[in-house]
Amino acid sequence: MSHTRTLRFGIPFMMALGLITALATPAMAQDAPPKVTVSAGIDLVNQYMFRGIRQNGTGVATWPFVDLGIGAFEGEGGLKSVGINVGTWNSAHSKPICWYESDVYATVGLGFGGGVALATTYTSYTSPNDSFTHVKEIALKLSVDDSPALGSAALKPYALAAFELATEPGRYQADGGLNGGRYLELGVAPGISGSRVSLAIPVKVGLSIGDYYELDGVDHKFGFFSVGGLATVPIGSHFNVHGGVEYQALGDTTKALNDGDGSQVIGSFGIGLSY
């Protein structure tokens, strides 16, 4: 966010719940209680880039997070599963020392046959130290797990569209521009999994489909291109350590917001747990 960020409850969330009810009401009464999972972790990065937009100057950014997942429904029809996630994600910076960002989100995910999934997320991005104004966003993500068909050659493609809500000129939006933005991200996440280590190679491109990357009143469509590698090593049944590197090539707006540098190399290391 060049200097704005958003809560994931509200009208969009309730609309998604209404859709679930329409699709799965006859089968929602299950004898087994819903499955509940808790995930948490902390990551360290040398550079915080939000969709190609630089968020910290120097030093290290620390990212603690907690996520609660509820398996609300499983079925054999067209709708295979319904999951609900709520959580919080934060960023604390070392130079200057500050609690830069605190986000809250809620997601409703629908699983269909053929590995197709559709997730709706409402996010509230806020800055405890007032580095940016409150950004509210709703995002839709369509993804396909093609592992059953392609095995180790699976690409796991996805498309994400995000829409900023209740914006004002220069406020409540990621680029600090005149108009609320609409963002599109296209990506794949091929990789290999093993008992000792898993490797993912995510590739993605971030685009403006309406005023997301504004610069001097002009919307530039290309935001960034990213390719990276992430290795994850499990420790026991519930913990893992992970680390990776990412290269981002920036467009005109993101380059300007990155002090004129046209690219960034981002290193990360973290620990995670899940129950």
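The values are calculated or read from the model by the stated rules, or taken from the named source; none is laboratory data. Everything numeric here is computed off the predicted structure, so don't read it as measured data. Neighbour counts run over all protein chains shown; Cβ positions are idealised from the backbone, glycine included. Side chains are part of the model used for accessible areas, which takes the heavy atoms of the whole protein and leaves out ligands, DNA and RNA. Shrake-Rupley method; radii C 1.70, N 1.55, O 1.52, S 1.80 Å.
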For the chain, with all protein chains present and a 1.4 Å probe, just round the carbon and sulfur fraction of the accessible area to a whole percent.
66 percent
With the crude spin-label approximation of a point 7 Å out along Cα→Cβ, what separation in nm comes out for Ala40 versus Val241?
2.0 nm
Arrange the peptides 49-57, 146-154 so that the one whose residues have, on average, the most other Cβ atoms within 10 Å appears first.
49-57, 146-154
Which whole-Hz ³J(HN,Hα) couplings does the stretch 136-149 yield from phi under the Karplus relation 6.51 cos²θ - 1.76 cosθ + 1.60, θ = phi - 60°, glycine and proline marked x?
10, 8, 10, 10, 10, 10, 9, 9, 10, 8, 9, 4, x, 8
I need the per residue convex hull volume for the stretch 109-155, using only the alpha carbons, in cubic angstrom as a whole number.
98 Å³
Length gained, Leu155-Ile70, 0.36 nm per residue minus C-alpha separation, equals 27.9 nm
When the label point is put 7 Å from the Cα of Leu178 along its Cα-to-beta-carbon vector, which residues of the stretch 212-240 have a backbone N closer than 16 Å?
212-221
In square angstrom, rounded to the nearest 10, how much accessible surface does Thr126 have for a 1.4 Å probe?
50 Å²
Quick check for you: with a 1.4 Å probe and neighbouring chains kept, what is the accessible area per residue of the stretch 106-203, in Å²?
48 Å²
Cross-link table Lys95/Lys221; Lys141/Lys204; Lys221/Lys255; Lys141/Lys255; Lys80/Lys141; Lys80/Lys156, entries beyond 21 Å C-alpha to C-alpha
Lys95/Lys221; Lys141/Lys255
Whole percent per 10 Å bin, from 0 to the bin with the longest distance: what is P(r) over all C-alpha pairs of the stretch 186-275?
16, 36, 26, 17, 5, 0
Excluding Gly115 itself, what net charge comes from residues whose Cβ is under 12 Å from its Cβ, given Lys and Arg +1 and Asp and Glu -1?
0
Using a Förster radius of 25 Å, what is the FRET efficiency between Arg196 and Thr88 based on their Cβ-Cβ separation? Nearest 0.05, please.
0.20
If every alpha-carbon in the stretch 28-147 counts as one equal scatterer, what log10 I(q)/I(0) does Debye give at q = 0.15, 0.19, 0.21 1/Å?
-0.80, -1.07, -1.19
Matching label, Kirkwood radius over Cα pairs in Å computed from the structure shown, candidates [x] 19.8; [y] 21.9; [z] 18.6:
[x]
For His238, His93, the accessible-area ranking with a 1.4 Å probe, largest leading, is His238, His93
With runs of 4+ DSSP H residues as the only contributors, calculate the mean residue ellipticity of the chain at 222 nm using -39,500 (n - 2.57) per run, divided by the residue total and rounded to the nearest 500.
-2000 deg cm²/dmol
Under Karplus coefficients 6.51, -1.76 and 1.60, residue-wise ³J(HN,Hα) of the stretch 230-236 in Hz, glycine/proline x
9, 10, 10, 10, x, 10, x
Residues of the stretch 61-93 with the amide nitrogen closer than 20 Å to a label point 7 Å from the Cα of Phe269, along Cα-to-Cβ, please.
61-65, 91-93
What is the local net charge at Gly270, summed over the other residues whose Cβ is closer than 15 Å to its Cβ (Lys, Arg +1; Asp, Glu -1)?
-3
